[in-house]
Amino acid sequence: QVQLVESGGGLVQAGGSLRLSCTASGSILSINAMGWYHQAPGKQRELVAAITTGGSTNYADSVKGRFTISRDNPKNTVYLQMNSLKPEDTAVYYCNADAVTIFTLKRQPYWGQGTQVTVSS
């Protein structure tokens, strides 16, 4: 019903930058919050950053001042600009969207397939 396609992951040296993108498509009536989560091996999936339709943002303490989340509402796209990357940022990054579809008529979370970010020291 809702497909989230992520791009922009990869391998980067510590101190470098990456920009992740995620576009939602499908039978979407509306999208509320969109966000990025990450999951390192052996650890739980954690919120990295989230943004509402109105532009209010929320960041994990570990990324404040280094990462910036933004979105293009007409394009149903969310971005994550990651600067000053550290080896501990290494994880699979997942896009999330709270969306209402023509089939469900209620808000539900949807997930992308994940994109690997690896930061070498």
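What to note about this one:
- Applied to the range 41-58, the Karplus parametrisation 6.51 cos²θ - 1.76 cosθ + 1.60 on θ = phi - 60° returns per-residue 3J(HN,Hα) values of x, x, 10, 6, 5, 10, 5, 9, 7, 9, 9, 8, 4, x, x, 5, 10, 9 Hz, with x for Gly and Pro.
- Kirkwood hydrodynamic radius of the range 1-116, from inverse mean 1/r over distinct Cα pairs, in Å: 14.3
- Cα→Cβ-extended label distance, 7 Å offset, between Lys43 and Thr68, nm: 2.5
- Summed residue charge, Cβ within 12 Å of Val119's Cβ, Lys/Arg positive, Asp/Glu negative: 0
- Percent accessible area from carbon and sulfur atoms, the chain, protein chains only, probe 1.4 Å: 48
- Calculated accessible area for the chain comes out at 52 Å² per residue, all protein chains present (probe 1.4 Å; ligands, DNA, RNA ignored).
- Applied to the range 25-37, the Karplus parametrisation 6.51 cos²θ - 1.76 cosθ + 1.60 on θ = phi - 60° returns per-residue 3J(HN,Hα) values of 9, x, 8, 8, 8, 7, 10, 8, 7, 10, x, 10, 10 Hz, with x for Gly and Pro.
- Taking a sphere under 12 Å around the Cβ of Ser21 and counting the other residues whose Cβ falls inside, with K and R at +1 and D and E at -1, yields a net charge of +1.
The values are calculated or read from the model by the stated rules, or taken from the named source; none is laboratory data. Since the structure is predicted, the reported quantities are computational estimates derived from the model, not experimental observations. Cβ: placed from backbone, ideal geometry, glycine included. Neighbour counts: every protein chain shown. Just the protein is used for accessible areas: all its heavy atoms, side chains included, with ligands, DNA and RNA removed. Shrake-Rupley method; radii C 1.70, N 1.55, O 1.52, S 1.80 Å.
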